[in-house]
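The values are calculated or read from the model by the stated rules, or taken from the named source; none is laboratory data. All figures in this text were calculated on a predicted structure; none of them were measured in a lab. A quick note on method: Cβ atoms are made from the backbone with ideal geometry, for glycine too, and the neighbour counts reach across all protein chains shown.
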Amino acid sequence: KQEVTQIPAALSVPEGENLVLNCSFTDSAIYNLQWFRQDPGKGLTSLLLIQSSQREQTSGRLNASLDKSSGRSTLYIAASQPGDSATYLCAVNTGFQKLVFGTGTRLLVSP
Amino acid sequence: DTGVSQNPRHKITKRGQNVTFRCDPISEHNRLYWYRQTLGQGPEFLTYFQNEAQLEKSRLLSDRFSAERPKGSFSTLEIQRTEQGDSAMYLCASSFANYAGSTNEKLFFGSGTQLSVL
């Protein structure tokens, strides 16, 4: 059974810092890995999707890497801003878009 | 650009009552998904439609749960005889797959329906 773990569970940083969020999964047989952002009481916003054949994806200040063989992904956020405060979820696609999610990392960026 | 719309946003009900939620996906999207999220957890997959066909159901979806997508557009999720353990955020998502076996399209989520069973 696929299990996804995210570390740390919570992170508090001052504005401007670069930071790394970690995601690990137990079964390397995945189609892709996605990173989402969730604001309190809201739905999820897709940030980046890395296909199983890819090593990384970039969007603006965000960079996500994937090492499928070791079951790891990282989300790098450069020059963090207070507006980045949210919960970040990673999810692996095990087929038919049946995503298995981690429990998320709650990020707080203080001004 | 209208995203995925879910109604109602909040639903409070008494144990034993039936509830129905509606999801309107992005108009050209042919796939629709339901997920459930409890406090402090990531979402869990419930079911998935390709057009009007329900192709996958999680074991989490007990006999009290039924989902439909009658014309391949909007979808409804009904919970019969609600229990306190059904209290959760129910999330709908949609995507466009340009071929039947596609697995790499992005999902777009709605804001969810928060269910509280008293």
Query raised in the report: Are any of the residues in region A:9-19 buried (at least 21 other Cβ atoms within 10 Å of the Cβ) and either more than 24 Å from B:Asn104 (Cα to Cα) or not acidic (Asp, Glu) (or both)?
Result: no
Query raised in the report: How about region B:10-48: which of its residues are closer than 17 Å to A:Thr45 by Cβ and in a loop (DSSP other than H, G, I, E, B)?
Result: B:Pro25, B:Ile26, B:His29, B:Gly42, B:Pro43
Query - Residue list for region A:86-106, restricted to those being crowded, with 18+ Cβ neighbours inside 10 Å, of a type in the set (S, T, N, Q) and assigned to a loop (DSSP other than H, G, I, E, B) - result: A:Thr94, A:Gln97
Requested in this report: Please find, among A:Gly16, A:Gly60, A:Gly43, A:Gly104, the residue that is within 10 Å of chain B (Cβ to nearest Cβ) and either more than 23 Å from B:Gln41 (Cα to Cα) or modelled with pLDDT under 95 (or both).
Outcome: A:Gly43
Report task. Give the residues of region A:30-59 that are farther than 15 Å from A:Arg72 by Cβ and either part of a loop (DSSP other than H, G, I, E, B) or touching a helix residue (DSSP H, G or I) at 6+ places or on another chain (Cβ under 6 Å) (or both), sorted by residue number. Result -> A:Tyr31, A:Asp39, A:Pro40, A:Gly41, A:Lys42, A:Gly43, A:Ser53
Query raised in the report: hydrophobic (A, V, I, L, M, F, W, C), in a loop (DSSP other than H, G, I, E, B) and at pLDDT below 95, is that true of A:Ala79?
Result: no
Query - Test result for B:Ala93, away from chain A (no Cβ under 14 Å), under 27 Å from A:Tyr31 (Cα atoms) and crowded, with 18+ Cβ neighbours inside 10 Å - result: no
Query raised in the report: Considering B:Gly72, B:Gly110, B:Gly42, which residue is under 23 Å from A:Thr103 (Cα atoms), touching a residue at least 24 places away in the same chain (Cβ under 8 Å) and either surrounded by 14 or more Cβ atoms within 10 Å (Cβ to Cβ) or touching a Leu at 6+ places or on another chain (Cβ under 9 Å) (or both)?
Result: B:Gly110
Query - Flag for A:Asp27 being acidic (Asp, Glu) and within 14 Å of the chain's Cα centre (by Cα) - result: no
